[in-house]
Amino acid sequence: MRKILFVFLVVLAAIFVLTSGSSKVSAAPIVMRLAETHPQDYPTTKGDYEFARLVKERSNGRIVVEVFHSKQLGEEAAVIEQVQLGAIDMTRVSISAVSSFVRDLDAFQLPYLYRDAAHMWKVLD
C-alpha cells in the first residue's frame with residue numbers, strides 16, 4: 001500500500017512540475033474601435049490618435065485603439081447606436097447627437113445659458 005501511495009505522489013508531483021512551466025505565452029492584443037466623425041487632421045481626431053498612442057504605450061501594447069475618422073463607421077446617431085450594441089467600443093460625438101438619446105442634455109445647448117466661457121467651465125466641471 002505504501003508503494004502505491006509513493007508512486008501516486010511521485011506521478012502527481014511530476015505532472016505538477018511538467019505542467020507549471022514558466023514559458024510566457026504572449027496573448028493577442030485587445031483591439032478597440034473608436035469612431036470619429038471629423039476628418040483626420042481635425043483637432044478632436046488628432047486627440048483621438050494621441051489617446052490611442054497613450055493607451056498602447058501605457059498598456060505595453062496589450063490594448064490597441066484603432067481610430068476610424070471621417071464618418072467611416074457612420075453618422076453620429078448611427079455610431080452611438082453601434083456603441084450601445086457593442087459593435088463599436090467607443091466614440092467621440094457632439095452633445096447634440098447624444099441629446100437625441102438623453103433629452104436632459106439638451107439643457108446644455110440652450111442659448112445664453114452661460115455668462116461667459118469661465119462660467120461655462122465652472123458649470124461643466
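Observations on the structure shown:
- Take the Cβ atoms of Tyr42 and Gln84, set R0 to 22 Å, and the FRET efficiency comes out at 0.35.
- Chain lengthening between Arg103 and Ile63 when straightened (0.36 nm per residue, less Cα-Cα): 11.1 nm
Read-outs: derived from the displayed coordinates by stated rules, not from any lab. Being a predicted model, the structure only gives us computed values, none of them experimental. Cβ: placed from backbone, ideal geometry, glycine included. Neighbour counts: every protein chain shown.
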